[in-house]
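What follows is a single structure, written as structure tokens, with notes after it.
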Amino acid sequence: MKFIKREQLKEKPSDLQFGKHFTDYMFMMKYHDGGWDYDNACIKPYEPFVLDPSTSVFHYGQAVFEGLKAYKNDKGEVRLFRPMENMKRMNDSCWRLCIPQFDEKFVHDAIAELVKTEKDWIPTAPGTSLYIRPFVIATDETLGVHSSKNYIMAVILSPVGAYYAHGFDPVRLYVEENYKRACKGGTGNHKVAGNYAASILAADEAEKKGYDQTLWLDAAENKYMEEVGSMNIFFVINGKVVTPKLGGSILPGITRRSTIELLKARGYDVEERLVSVKEVVDAAKDGTLDEIFGTGTAAVVSPVGEFGFEGKDYKVGDGKLGKVTKYVYDELTGIQTGVKPDEFGWVERVI
Ligand code: COI
């Protein structure tokens, strides 16, 4: 791997607002002349791209991304959580947008190398980590709508704290009935930039109404809970953990899968199935809606204290952090940071 040294290092930030600060170095690799240019892939100073205004990603959004994290403990050990799962998912997203497949092991190793280079940027306070953002953009200079013949893959790093501004406090979700995030056969089950662009209007409107995020319903029937956009969703109803099953319009979250595997291994009853908004509203009304929580790399495990639907607000449990939510948070972050044994083989030590 080529390495281009930077003359002057940046100052490390004192606040860790999500996605606001970026480290000294980035990874970059180009695709041209029919192949990924592994020979010239490099770790180089973090810097702007210079792109022609006609570059196709600006117009047609052929772009995919991933999110994973590196964790450092107070002994200086650095760990990644299931990074090959991100590589596989990014290749799946590339496939969906006609972006050429890449060598997953090569990019994984490049990320590990970049994280090692930037180890001093990894925060160690509880709830903090180094967020890793790999992405691929189409760089043909043309206004024709075709799959591009040129791409840039890059990986940038950002030291982060909690995703939500109010930290680990329960969030309020708005069940969106009018706008749709995804439908079967679309791109909702891939991590493509356009999914997020399409979600912003609803998120803005939900925020104006005083909610933190949108809880999406299915596009076909407008009945079933899907996901939040920045996280998958779990419900604890009458002691049973249920989460919407993946049906082609929900992102197959790595934290989602880890949560299901963890809870099943620890003897919890977990169901992946259709979850209607009516079932959740009824449970809230009859007092059996114990908990709701979201899972995601950025969001980690986020308690939901309340949700709004058809102009009414429904409290979740007692509106505070629930038992299952806390358990999943403690167990997953314990495994991620090396505080708890990694019985599943999920964690990779980088340093
Ligand atoms: C992640 O959790 O890594 C994501 O990509 C979600 C993003 C909206 C912050």
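Mind listing whichever residues of region 108-139 are assigned to a strand (DSSP E or B), more than 18 Å from residue 332 (Cβ to Cβ) and within 16 Å of the ligand (Cβ to nearest atom)? Let's see the steps before the verdict.
Here is the first cut: in region 108-139, the ones assigned to a strand (DSSP E or B) are 129-138.
Checking which are more than 18 Å from residue 332 (Cβ to Cβ) leaves us with 133-138.
Scanning region 108-139 gives 133, 134, 135, 136, 137.
Restricting region 256-283 to residues that are outside any helix (DSSP H, G or I) and small (Gly, Ala, Ser), which is least open to solvent (accessible area, probe 1.4 Å)? Explain how you work it out, then say what you get.
Step one: list which residues in region 256-283 are outside any helix (DSSP H, G or I), which gives 266-276.
Okay, now just the ones that are also small (Gly, Ala, Ser), so 267, 276.
Details: 267: 67, 276: 25 Å².
Only one residue fits best here, namely 276.
Consider residue 52 carefully, then state whether it is among the acidic types (Asp, Glu), open to solvent by 30 Å² or more (accessible area, probe 1.4 Å) and without any contact (Cβ under 8 Å) to a residue 12 or more places away in the chain.
Details: among the acidic types (Asp, Glu): yes; open to solvent by 30 Å² or more (accessible area, probe 1.4 Å): yes; without any contact (Cβ under 8 Å) to a residue 12 or more places away in the chain: no.
Considered against the rule, which asks whether it is among the acidic types (Asp, Glu), open to solvent by 30 Å² or more (accessible area, probe 1.4 Å) and without any contact (Cβ under 8 Å) to a residue 12 or more places away in the chain, residue 52 comes out as no.
Identify the residue in region 61-102 that is open to solvent by 20 Å² or more (accessible area, probe 1.4 Å), out of contact with any Lys or Arg (no Cβ under 7 Å at 6 or more places or on another chain) and within 14 Å of the ligand (Cβ to nearest atom) and, among all such residues, is farthest from residue 128 (Cα to Cα).
The residue in question is 85.
If you check every pair at least six apart or on different chains, which have Cβ atoms under 7 Å apart with a residue in region 91-118 that is among the acidic types (Asp, Glu) first and a residue that is part of a loop (DSSP other than H, G, I, E, B) and at pLDDT 95 or above second?
Note: pairs meeting the criteria are 92/190; 118/23; 118/24.
When you check residue 131 against the structure, is it farther than 22 Å from residue 88 by Cα and hydroxyl-bearing (Ser, Thr, Tyr), yes or no? Steps first, answer last, please.
Numbers: farther than 22 Å from residue 88 by Cα: no; hydroxyl-bearing (Ser, Thr, Tyr): yes.
No: the conditions fail for residue 131.
Hey, among the residues in region 223-255 that are outside any strand (DSSP E or B) and among the hydroxyl-bearing types (Ser, Thr, Tyr), which one's farthest from the ligand (Cβ to nearest atom)?
Initially, region 223-255 is screened for residues outside any strand (DSSP E or B), giving 223, 226-231, 238-239, 245-255.
Next, only the ones that are among the hydroxyl-bearing types (Ser, Thr, Tyr) stay: 230, 249, 255.
Values: 230: 4, 249: 16, 255: 8 Å.
The qualifying residue farthest from the ligand (Cβ to nearest atom) is 249.
Within region 62-74, is even one residue in a loop (DSSP other than H, G, I, E, B) and of a type in the set (A, V, I, L, M, F, W, C)?
So the first thing to find is which residues in region 62-74 are in a loop (DSSP other than H, G, I, E, B), and the list is 62, 66-67, 73-74.
Among the residues that remain, those that are also of a type in the set (A, V, I, L, M, F, W, C) are: none.
For region 62-74, residues in a loop (DSSP other than H, G, I, E, B) and of a type in the set (A, V, I, L, M, F, W, C): absent.
How many residues, within region 172-209, are more than 17 Å from the chain's Cα centre (by Cα) and either open to solvent by 40 Å² or more (accessible area, probe 1.4 Å) or not small (Gly, Ala, Ser) (or both)? Explain how you work it out, then say what you get.
At the first step, the residues of region 172-209 found to be more than 17 Å from the chain's Cα centre (by Cα) are 172-180, 183-186, 201-202, 204-209.
Going one step further and asking which of them are either open to solvent by 40 Å² or more (accessible area, probe 1.4 Å) or not small (Gly, Ala, Ser) (or both), we end up with 172-180, 183-185, 201, 204-205, 207-209.
Qualifying residue count, region 172-209: 18.
Would you call residue 136 hydrophobic (A, V, I, L, M, F, W, C) and either in contact with a Cys (Cβ under 6 Å, 6 or more places away or on another chain) or open to solvent by less than 10 Å² (accessible area, probe 1.4 Å) (or both)? Please lay out each step first, then the result.
Values: hydrophobic (A, V, I, L, M, F, W, C): yes; either in contact with a Cys (Cβ under 6 Å, 6 or more places away or on another chain) or open to solvent by less than 10 Å² (accessible area, probe 1.4 Å) (or both): yes.
Spelling it out, residue 136 is indeed hydrophobic (A, V, I, L, M, F, W, C) and either in contact with a Cys (Cβ under 6 Å, 6 or more places away or on another chain) or open to solvent by less than 10 Å² (accessible area, probe 1.4 Å) (or both).
Suppose we keep only residues that are over 17 Å from the mean Cα position of the chain (by Cα) and open to solvent by less than 40 Å² (accessible area, probe 1.4 Å) within region 140-158. Which one would you say is farthest from the ligand (Cβ to nearest atom)?
My answer is 144.
Quick check on this structure: which one of 317, 253, 248, 296 is touching a helix residue (DSSP H, G or I) at 6+ places or on another chain (Cβ under 6 Å), closer than 21 Å to residue 225 by Cα and not hydroxyl-bearing (Ser, Thr, Tyr)? I'd like the intermediate steps shown before the answer.
Values: 317 fails: touching a helix residue (DSSP H, G or I) at 6+ places or on another chain (Cβ under 6 Å); 253 fails: touching a helix residue (DSSP H, G or I) at 6+ places or on another chain (Cβ under 6 Å); 248 fails: touching a helix residue (DSSP H, G or I) at 6+ places or on another chain (Cβ under 6 Å).
Result of the check over 317, 253, 248, 296: 296.
Quick one: is residue 305 away from the ligand (no atom under 16 Å from the Cβ) and on the phi > 0 side of the Ramachandran plot? Spell out how you get there, then give the answer.
Numbers: away from the ligand (no atom under 16 Å from the Cβ): yes; on the phi > 0 side of the Ramachandran plot: no.
Here the answer is no, as residue 305 does not meet what is asked.
Can residue 147 be described as small (Gly, Ala, Ser) and in a loop (DSSP other than H, G, I, E, B)?
When the stated conditions are applied, residue 147 passes them.
Are any residues in region 25-36 surrounded by 19 or more Cβ atoms within 10 Å (Cβ to Cβ) and either aliphatic (A, V, I, L, M) or under 23 Å from residue 158 (Cβ atoms) (or both), and if so, which ones?
Selection gives 25, 26, 27, 28, 29.
For residue 167, are the conditions met, namely being free of Cβ contacts under 8 Å to residues at least 60 places away in the same chain and either assigned to a strand (DSSP E or B) or open to solvent by less than 40 Å² (accessible area, probe 1.4 Å) (or both)? So that I can check it myself, show each step before the final result.
On the way: free of Cβ contacts under 8 Å to residues at least 60 places away in the same chain: yes; either assigned to a strand (DSSP E or B) or open to solvent by less than 40 Å² (accessible area, probe 1.4 Å) (or both): yes.
Considered against the rule, which asks whether it is free of Cβ contacts under 8 Å to residues at least 60 places away in the same chain and either assigned to a strand (DSSP E or B) or open to solvent by less than 40 Å² (accessible area, probe 1.4 Å) (or both), residue 167 comes out as yes.
What do you reckon, is residue 58 within 16 Å of the ligand (Cβ to nearest atom) and either hydrophobic (A, V, I, L, M, F, W, C) or within 30 Å of residue 127 (Cβ to Cβ) (or both)? Let's see the steps before the verdict.
Details: within 16 Å of the ligand (Cβ to nearest atom): no; either hydrophobic (A, V, I, L, M, F, W, C) or within 30 Å of residue 127 (Cβ to Cβ) (or both): yes.
No; evaluated as a whole, the condition is false for this residue.
The values are calculated or read from the model by the stated rules, or taken from the named source; none is laboratory data. Here the structure is a predicted model, which means the values were calculated and not measured. Quick reminder, even Gly has a Cβ in these numbers, built from the backbone with ideal geometry, and neighbours come from all protein chains shown. Keep in mind that these areas ignore ligands, DNA and RNA; they rest on the heavy atoms of the full protein, side chains included. Shrake-Rupley method; radii C 1.70, N 1.55, O 1.52, S 1.80 Å.
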